[in-house]
1. Looking only at region B:101-158, how many residues end up being of a type in the set (Ser, Thr, Tyr) and over 22 Å from B:GLY87 (Cα atoms)?
2. Being at the interface with chain A (Cβ under 9 Å from one of its Cβ atoms) and at pLDDT 90 or above narrows it down to one of B:LEU6, B:LEU14, B:LEU10, so name that one.
3. Tell me the residue from A:PRO140, A:PRO148 that is touching a residue at least 12 places away in the same chain (Cβ under 8 Å), closer than 21 Å to A:ASP227 by Cα and within 14 Å of chain B (Cβ to nearest Cβ), please.
4. Scan region A:353-385 residue by residue and report those that are more than 25 Å from A:MET341 (Cα to Cα) and touching a Gly at 6+ places or on another chain (Cβ under 6 Å).
5. Is region A:115-129 home to any residue that is under 24 Å from A:ILE403 (Cβ atoms) and small (Gly, Ala, Ser)?
6. Given the structure, is B:GLY106 touching a residue at least 12 places away in the same chain (Cβ under 8 Å) and within 14 Å of chain A (Cβ to nearest Cβ)?
Amino acid sequence: MSHAETHSHDHDHDHKPKGFVKRWLMTTNHKDIGTLYLIFSLTMFIFGGALAMIIRLELFQPGLQFVQPEFFNQLTTMHALIMVFGAVMPAFVGFANWMIPIMIGAPDMALPRMNNWSFWILPFAFTMLASTFFMDGGAPAAGWTLYPPLVLQGGHNLAFAVFAIHMLGISSIMGAINVIATIMNMRAPNMGYLKMPLFVWTWLITAFLLIAVMPVFAGAVTMLLTDHYFGTSFFNAAGGGDPVLFQHIFWFFGHPEVYIMILPSFGIISEIIPTFARKPLFGYVSMVYATAGIAFLSFIVWAHHMFSVGMPLGGELFFMYATFLISIPTGVKVFNWVSTMWKGSMTFETPMLWSIAFIILFTIGGFSGLMLAIAPADFQYHDTYFVVAHFHYVLVTGAVFAIIGGVYYWIPKWTGNMYSERLGKIHFWWSVISVNVLFFPQHFLGLAGMPRRIPDYSVQFANWNMWSSIGGFAFGLAQIFFCIIVWRTIKGKGTSKATDRVWEGAKGLEWFIPSPAPHHTFQDGAPVNDEHLAHVSSH
Amino acid sequence: MKKTVLKTALFAVLMFGFAFALIPLYDTFCEITGLNGKTSGQVEADLVKNQVIDENRKVIVQFDSSVNSELNWEFRPTEFEMEVIPGKFYHTEFYAKNLSNKDITGQATYSVTPAKASLYFNKTECFCFTKQTLKAHEEVKMPVTFIVDTKLANDVKIMTLSYTFFKLES
């Protein structure tokens, strides 16, 4: 009801700025910036994926066929940096920009001008980072964790990588401040904190994680920079420093960072599951507390990434038990999603398929994480392909699946066109089968002792590597197919017009505005009634 | 709104500082707990007096040395292990030789394993506390005087003192 009044005002519809530069370069509109973030993320996803394809090509057979070890190390490093900071994080910021103002009934983000800046820093940062491929000595090759002293022995790519990371950090922090300011100050009347959609909640907590740890990462890489160029000895034992110190600072950032990449996924899944189960989310409040609990625990588990550096027994035990604790709030979430589906009137449209796959496959990644958390066992698993399998299950079949599911879920609202359900389902089954062929054998490789970050391996690993590569090529191709689906949906080819509601069981303010979402929404405020909201308890 | 933005921005700046604050925190933490093999610095000889010495208790102290690849020195302990009684002073020497044709200044860092023994390994004299300059082809014997505290846990039978020599940039 409210949208009918809000959007009958003529200023709502056709006030998009004219011309490419004004519309996109200088935009302060949260929807346009959200679109830019998502397109940028998809571009980086394909770029980072292309690097992974070269990695899998080289690993197809034992021996060195296509690339030299030096370049291989650059590939693994850049693949990770680009996927983490270029694909996954900007995708979530894109979702945040598009959906948070609409979901809480705000006309835009709190700081639109800064929002523009946050985005436009990114292409420059990544151009700088990618340019290192063409330098003497190539791109950074010490892994995305950038451990000294190895990273300090490379060339001047270090300076470029560090400044790129500074820029990404500034962008993320500004984005996070914007999200916090928006959520805390611009909620529509009657949108209390515990009435917010869970996606908004998970992003609020993620934003706090971002401003807490991105500066720490910036500090750590600054120390690398001064160690390399200005003769300081933060990590140089000769000058009284300690290389292990870097690992502590890095993982103090690094562990919350992996939750930055998964909490918004939890939010997206928590929006999709109730829609297609046609039931309100089970245990909404416990979901909020579980998210906050995971965020808190993320700060006290960092050294489980470095069990093998030579910690005393007390340290090993503390970080082991603290890590185990995380499975409790995470388990709360998984059981809540399953309970939401329990006895629901479920249908299996494409977003729902991705969400169910997320729950199952992310849980597999969670369990392999528990195995890695067992300190004595970790000495065997550390730096093997088992670790690679683990974090790809949580990041690809976790974060990326949630992102793709979210795109299918909201793209009708964004474009006004319904994507082709048939192509979407082909994309899903193609991806979900190939991704398991790609990553599941890596568990076996790791348990059998294959180290990570190597271009060549002993022949007993040949079979599973071949399967993994075949899965990898198939999965990569499926994402090109995804780009085609997105393109066809934007252009309205082979699609139907989306209704305002889009999904029969959809709840939430975004489904009460027209499809496609008009350029400006809720300019005059959004009168929010409980029937608009998905998670209000009285159902 | 302005308040939210200012508070969060300030928080971000503080966290940047926190990254640097982690360095002394980490150092202090390791020193207090003896983690990472950190021992306290030089101790005065009289600080460790008045200990009740159990003549029957024996601990083996092993000596280990390594030289950073950028330093063209030979460096090794003159004896590889000693049997010591906690609470008594012992003296040993390390041998170092400059293999190059230039004068070079180096400095050694040290650590003690197991970590829980490191708090109880006290040096009253050690070349590791100062810079060492060796003239071209000069050889020296470097003394270490130490005492193992009687408070050392009973299950520690063997401990290792390890030195690494690094080149100091001029």
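1. Qualifying residue count, region B:101-158: 4.
2. Result: B:LEU14 is the single residue among B:LEU6, B:LEU14, B:LEU10 that is at the interface with chain A (Cβ under 9 Å from one of its Cβ atoms) and at pLDDT 90 or above.
3. Details: A:PRO140 fails: within 14 Å of chain B (Cβ to nearest Cβ).
A:PRO148 is the lone residue from the list that is touching a residue at least 12 places away in the same chain (Cβ under 8 Å), closer than 21 Å to A:ASP227 by Cα and within 14 Å of chain B (Cβ to nearest Cβ).
4. Listed by number, the residues that qualify are A:THR384, A:TYR385.
5. yes
6. For B:GLY106, the condition - touching a residue at least 12 places away in the same chain (Cβ under 8 Å) and within 14 Å of chain A (Cβ to nearest Cβ) - is met.
Residue-wise test of (1) of a type in the set (Phe, Trp, Tyr); (2) within 22 Å of A:ILE268 (Cα to Cα).
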| position | (1), (2) |
| --- | --- |
| A:ILE454 | no, no |
| A:SER468 | no, no |
| A:ILE484 | no, no |
| A:GLY492 | no, no |
| A:ASP500 | no, yes |
| A:TRP511 | yes, yes |
| A:GLN523 | no, no |
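Okay, residues lined up against (1) surrounded by 14 or more Cβ atoms within 10 Å (Cβ to Cβ); (2) touching a residue at least 40 places away in the same chain (Cβ under 8 Å):
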site	(1), (2)
B:ASP54	no, yes
B:GLN62	yes, yes
B:VAL67	yes, yes
B:TRP73	yes, yes
B:GLU79	no, no
B:GLY87	yes, yes
B:HIS91	no, yes
B:TYR95	yes, yes
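The values are calculated or read from the model by the stated rules, or taken from the named source; none is laboratory data. Here the structure is a predicted model, which means the values were calculated and not measured. Quick reminder, even Gly has a Cβ in these numbers, built from the backbone with ideal geometry, and neighbours come from all protein chains shown.
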